[in-house]
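Trainee: Shown below is the structure under consideration.
No value in this document is a laboratory result; all are computed from the given coordinates. Bear in mind that the values here come from a model prediction, so they are computed numbers and not experimental data. Positions of Cβ are backbone-derived with ideal geometry, glycine not excepted, and every protein chain shown enters the neighbour counts.
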Amino acid sequence: MRIVVLTGGIGGARFLLGVRAYAQEVGAEVTAVVNVGDDLRLHGLRVCPDLDSVMYTLGGGADPERGWGRTGETWTVKEELAAYGAEPGWFGLGDKDLATHLVRTTMLDAGYPLHQVTEALATRWQPGVRLLPATNDRLETHVIVSARSELASPAAAGGFGGGQQAIHFQEWWVRHRAQLPTHRFVFVGAEAAKPAPGVAEAIAEADVVLIAPSNPVVSITPILAVAGVREAVTTGPAPVVGVSPIIGGAPVRGMADRCLAVVGVECSAAGVGQLYGARTAGGLLDGWLVAEEDAQTVVPQVTVRAAPLRMIDEAATVAMVRAAVEMA
Ligand code: FO1
């Protein structure tokens, strides 16, 4: 069996721990198609938070409390940068994590595409699943907020008028904790971006496509903003089953509620299910797995089932994955 998972963020990385264990049980191959909209260039380095979250989590090197970055991290470089007054002070790269960005950037600057660089980095971590960026092309999530003079990058993308300005997703998420008056998200570069080599092929050859319980707005939507990825999922032969990141009207972790409010979608299993939509109606889903608390959820033309959806340990996560695959 071949399983493809669309994923991003820490919830997605933890879900993949269950997918990998399930795949080992049943002898399946797993390809994770990972969001790159959170990526940024910082101090000359390419940082890929979602690819790294998956790689470190599956490789046993992720800090379980922080959720991002490495275990046993030290912060000497961050402190030295702060001593120079180097901006941005609100985004911290740990010393161990920096090594990843140095190797990645060196390889990218030498001309290797991101999917090959990701494969090279993963030889150290042996994640046990194939990791693919959604695209090798530039795709960056920006957030259009009400203009405020104290923001670091006023009118970064220009041309929004009406007192609006664009800031990078990380500035919105980390610096402002998603608390700014926000108008919309823009996936810069998405129109021109092509799926990374292997992505469309993996989806076309899959027996099941799973949508991880990741943030639907800023983790899954940017993956699907790559036209070739969306088309492969919506028209491919494999059934598509999503797992709800919302339980009883609240996100399991993170700030999905704030992101959903920006796009005018109710923070509920039904709201996210309808945002994804039925494959039979041009959307994504054949099946939608919701928490037992949300068993009454209805998404038109989508099969809905309920199961325990809290990823309290690997066994619970494997059970979720099994329920999703059985729906398919
Ligand atoms: N999140 C924070 O809240 N503060 C940070 O300083 C921070 C640094 C950071 C560095 C590397 C990395 O891979 C992730 C990092 N994150 C940090 C997490 C990241 O901002 C987000 O949680 C994800 O992009 C959302 O999935």
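Trainee: Sort M1, M55, M327, M255 by Cβ crowding within 10 Å, fewest neighbours at the top.
Mentor: Taking fewest neighbouring Cβ atoms as first place, the list is M1, M255, M327, M55.
Trainee: So, one more: Distances longer than 33 Å among the Cα atoms of the chain: what percent of all pairs is that?
Mentor: The calculated P(r) of the chain puts 22 percent of pairs beyond 33 Å.
Trainee: Using helices alone, what [θ] at 222 nm do you get for the chain, with -39,500 (n - 2.57) per DSSP H run of 4 or more residues, divided over all residues and rounded to the nearest 500?
Mentor: -10000 deg cm²/dmol, from helical runs alone.
Trainee: Springs between alpha-carbon atoms under 10 Å, Gaussian network over the chain: tell me which of V36, V304, V54 tops the mean-square fluctuations.
Mentor: V304
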